[in-house]
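Please read the structure below before turning to the comments.
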There are 2 protein chains.
Amino acid sequence: MIQEFLPALEAEIKQQSLGDSPQELYDPIRYLMQLGGKRIRPVLCLLSYSLFKADWKKVVPTALSIEIFHNFTLMHDDIMDKAPLRRGKQTVHEKWNDNIAILSGDVMLVNAYQYLNQCQHLSLGEYQHLITRFNRTAAEVCEGQQMDMNFESRSTVTVDEYIEMIRLKTSVLIGLSMEMGGILAGVDTAKAKILYEIGECIGLGFQLKDDLLDVYGDPEKFGKQVGGDILANKKTYLLIRALETAQGEALDTLNHWLAANNPNPVEKVAAITQLYTDLGIRNETEAKINQYFDQAFQAIDQLNLQTAQQEALGKFLAGLVDREV
Amino acid sequence: MIQEFLPALEAEIKQQSLGDSPQELYDPIRYLMQLGGKRIRPVLCLLSYSLFKADWKKVVPTALSIEIFHNFTLMHDDIMDKAPLRRGKQTVHEKWNDNIAILSGDVMLVNAYQYLNQCQHLSLGEYQHLITRFNRTAAEVCEGQQMDMNFESRSTVTVDEYIEMIRLKTSVLIGLSMEMGGILAGVDTAKAKILYEIGECIGLGFQLKDDLLDVYGDPEKFGKQVGGDILANKKTYLLIRALETAQGEALDTLNHWLAANNPNPVEKVAAITQLYTDLGIRNETEAKINQYFDQAFQAIDQLNLQTAQQEALGKFLAGLVDREV
C-alpha cells in the first residue's frame, strides 16, 4: 500500500488544477512542483491516515495541499536566500525573476488552500479545526524562516534558539502532515497530538542529521558539497555547540578559521571537522539525533496500533531515519 | 446601521489576532492594517449581508478577512512596483526590507484564511463554496497584477485587455465582498451572482474613475499628484483610447510627448490633457464609467429588496460613485 502513495501523488501533481493565464504566473508552479523530491510530507499524511482507515485514495488531494504549501515556502525562501539552485535546477526567481517568484508563490499558497478544500467527509467543526491547525503551522513555518534570517546577522545563537528555529522552519510541517492524516481519519485529540509529536521529532532529528551529514557525509552519496556549512560559517547545531564547548587553544583555532579571510577551503573544512570530532560534537550530535528518533518511536507505541500498521509505520520511519543523503 | 460597520471593523482590526514573535514578521502587518483606508470591501460585505439579515455583528471577523487579503496584496504589490509610499507613509519594504515584506505578506495571507475560518453558521458545503469563491478570486487578483506588470513592457495594449486587467486586479474582489455578504446570509445562487455583479461593476467604474481623476481631478481634493499617470506614460484607459483614436497631427503630438526625453512636466501634462479633451476621450471615459455604474444600479433592482434595504444600498453606492478623491 505505502508504495502506492507516491505514484498516486505524482499522478495528482501531473493534473494539478491551476489557471492557464497569464503563463508567467502558473508555469513556475508547474516547474517547481515537477522538479521532484521525495514528497515526504504528503506520503506521511497518507501513511498516517492509512493507520486508521483503508480508503486513503480519497484524501490524496487533501494530502497534496501540504506538498503545495511546502513548495510555496521553497519558492519564496529561495528569493530571500538568493539561492541559485533548487534540486540541481535553476530556482524560480533565477529562471524568471523576483516579482514572478513572489506572485507565483502567492497563487501557489492559494492553490494549497483549494486542495485542502477538497476534503469533503468531515463535519464543519472538524474541517475548521483542520484549517486552524494548517494556518497555525503555516504561520510557524514563516516564523522559523524569519528567525533563520535574523540569526544570520547575530553574533551568537544559543542551542535552544537554534532548536526552536529548526522546529518551526521544518519540523512543525512534518508534524502537521502526520496529524492531518489522523484528523482526516477522525482520530481523537490525544491520538492527533501523538501523531504530531512523531512527525515533529522525526523532523528535528532529520534537520540535525542534515547538519551532521554536511560535515561527515559520504561525498559519493551526499547530494551537496560536504563542508558547505563550514565554509559559509553557517550557525548549525555543530558550530553552535563547538562555540559553547571549545576553550583555550581549540577556541582560538575555531575563531581563527571563522574570521579567516579567503581561507583555503580544503584546509578550513578539515580543520573545523577535526575540531568538531575532538570536542566530541560529532558524538553529541549523533546522540541528540537518536534521542529525537527514539522519542518518535516511543510515541508510536502510545498509538496502540494493530501489529501490521505499527510495523508499516515503524519500517517507513526507520527508512527515513537511516538515510545517508 | 451602516455607520456602525466601520467602527466595528476598526475595533476588530485593533485587536487583530496575530503571533508575537519574531517582531519583524508581525509588526509590518499591524503597521499596514492601521494605516487606515476606507475599508470599502468589508463594509460592502457587511452591507450586503445586512440586506438579508439583521445580525451583521457576527460576520465582522469573516468580513475582515477580505480587508486583510486586500492589504496583503498591497504589501506584495508595493515590493513589485518598488512603491516608496502607501497612503502617504513608507511602504513595508521601504520601512523594513523586501524579505520582510515578502514573508510578512505570506503570514498575512494565512491570517486572512484564519479570519475566514471564524465563520461558524454555515454548513460544510456552504463554507467550502465560500472558500472556493475566495480562492478563485484571490488567484484572479494575482492574475490581474501579473497582467499589469506584463503591460508595462508591451508596446500596445487593447481596451479589452485593459478592462480585463482592471477587472481582475480590482473589481473581482469588490464583487466577492458583495457576494460573500450574500453567501453568509444564505441567499441563493442567483442572488449571489447579482451581488457579485453589483460589486464588479462598481469596481470597474471606480478604477476608470481613478484614471479619469488622475487627469481631470481637482488638485485641491485629489490625494495624488494630478497628471501622475501622464508623466509616467502609464497605459490607462485614457491613453489606450487616445492611441486608438488619434490620427494625423494629434497622433504625432501624442507620440512626441510619449517619446520626449526629460520633458517639462507641466507642459506635458497640459498638452496630453488637452489632447484627451479634444479627442473626446474625457467624455467617452465618463460615459463608460456611468455605463458600469448604471449596470450596478440596474442589478440592484433585480434583488427584489425591501424598500429600506434598497435605499440603503443605493445611497451607499451613490456615495462611492460620486467621490472626487
Which of the residues that make up the range B:42-63 are under 15 Å from the mean Cα position of the chain (by Cα) and either crowded, with 24+ Cβ neighbours inside 10 Å or not in a helix (DSSP H, G or I) (or both)? B:Pro42, B:Leu44, B:Cys45
So which residues in the range A:2-43 are under 28 Å from A:Phe316 (Cβ atoms) and among the polar types (S, T, N, Q), if there are any at all? A:Gln3, A:Gln15, A:Gln16, A:Gln34
Just one of the numbered conditions (1) at pLDDT below 95; (2) not assigned by TED's automatic domain parsing to the domain that holds A:Ala54 is not true of A:Arg154; which one? (2)
Somewhere in the range B:78-88, is a residue out of contact with any Lys or Arg (no Cβ under 8 Å at 6 or more places or on another chain), on the phi > 0 side of the Ramachandran plot and among the small types (Gly, Ala, Ser)? yes
Screening A:Gly175, A:Gly205 for residues that are in contact with a helix residue (DSSP H, G or I) (Cβ under 7 Å, 6 or more places away or on another chain) and assigned by TED's automatic domain parsing to the domain that holds A:Phe69 leaves only A:Gly175
With (1) facing another protein chain (nearest Cβ under 9 Å); (2) assigned to a helix (DSSP H, G or I); (3) touching a Phe, Trp or Tyr at 6+ places or on another chain (Cβ under 9 Å); (4) surrounded by 22 or more Cβ atoms within 10 Å (Cβ to Cβ) as the list, and B:Gly182 as the residue in question, which single condition is left unmet? (1)
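For residues in the range A:1-41 being part of a loop (DSSP other than H, G, I, E, B) and either within 21 Å of the chain's Cα centre (by Cα) or among the hydrophobic types (A, V, I, L, M, F, W, C) (or both), which is nearest to B:Glu164 (Cα to Cα)?
Among those residues, the one meeting the criterion is A:Leu18.
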Can you tell me which condition B:Leu254 does not meet? The list is (1) part of a helix (DSSP H, G or I); (2) over 26 Å from the mean Cα position of the chain (by Cα); (3) surrounded by fewer than 17 Cβ atoms within 10 Å (Cβ to Cβ), and all the others hold. (3)
In the list B:Leu168, B:Leu243, B:Leu195, B:Leu213, which residue meets the criterion of being away from chain A (no Cβ under 14 Å), touching a helix residue (DSSP H, G or I) at 6+ places or on another chain (Cβ under 9 Å) and farther than 21 Å from B:Ser50 by Cα? B:Leu243
Return the residue satisfying two criteria in turn: it lies in the range B:140-159 and is under 17 Å from B:Gly203 (Cβ atoms) and within 7 Å of another protein chain (Cβ to nearest Cβ), and of such residues it is surrounded by the most Cβ atoms within 10 Å (Cβ to Cβ). B:Cys142
Listed residues A:Asp77, A:Asp106; which is surrounded by 22 or more Cβ atoms within 10 Å (Cβ to Cβ), at the interface with chain B (Cβ under 10 Å from one of its Cβ atoms), in contact (Cβ under 8 Å) with a residue 24 or more places away in the chain and among the charged types (D, E, K, R)? A:Asp77
Please work out which one of (1) under 19 Å from the mean Cα position of the chain (by Cα); (2) modelled with pLDDT under 95; (3) more than 30 Å from A:Gln302 (Cα to Cα) is the condition A:Pro219 fails and give its number. (1)
Of the residues in the range A:64-95, those that are part of a loop (DSSP other than H, G, I, E, B) and in contact with a helix residue (DSSP H, G or I) (Cβ under 7 Å, 6 or more places away or on another chain) come to A:Pro84, A:Thr91
So, B:Leu122, is that one at the interface with chain A (Cβ under 9 Å from one of its Cβ atoms), in contact (Cβ under 8 Å) with a residue 60 or more places away in the chain and outside any helix (DSSP H, G or I) or not? yes
Note on the range B:125-139: residues touching a residue at least 24 places away in the same chain (Cβ under 8 Å) and either aliphatic (A, V, I, L, M) or at the interface with chain A (Cβ under 8 Å from one of its Cβ atoms) (or both) are B:Leu130, B:Ala138
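The values are calculated or read from the model by the stated rules, or taken from the named source; none is laboratory data. Quantities reported herein were computed from a predicted structural model and do not represent experimental measurements. Positions of Cβ are backbone-derived with ideal geometry, glycine not excepted, and every protein chain shown enters the neighbour counts.
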